[in-house]
1. What value, in deg cm²/dmol to 500, does the helix sum -39500 (n - 2.57) over DSSP H runs of n ≥ 4 give at 222 nm once divided by the residues of the chain?
2. Of 48, 38, 63, which has the largest mean-square fluctuation in a 10 Å C-alpha GNM of the chain?
3. Using a Förster radius of 22 Å, what is the FRET efficiency between residue 96 and residue 73 based on their Cβ-Cβ separation? Nearest 0.05, please.
4. On full extension of the chain, what length is gained from residue 36 through residue 82, given 0.36 nm per residue of separation minus the C-alpha to C-alpha distance?
């Protein structure tokens, strides 16, 4: 399991950060408030606390590994708590995490 990723913030979109770590570039899903914090750091070295999960349908045999990034452990733990609510999946939890 990937619990932390550190590298150069190569690119940022509304829902994803691309992190260059060594010879690899990782696509990391992020909530909106994390994107706002990362915006001025494009091209800089960053560290994100992460959660890894598999997305897809096990019956069809197609599962895609995904990584979700946060600035600290408290945000990651809060995300886990939101996901534990019945009917709330990873994508809904990402959209629900809003900080004023």
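The numbers here are math on the coordinates, done by the rules we state, and not lab data. Just so we're clear, the structure is a prediction, and the values are computed from it rather than from any experiment. Using ideal geometry, Cβ is built from the backbone for each residue, glycine included, and neighbour counts are taken over all protein chains shown.
1. -7000 deg cm²/dmol
2. 63
3. E between residue 96 and residue 73, to the nearest 0.05, is 0.70.
4. That pair, residue 36 and residue 82, stretches by 14.5 nm at full extension.
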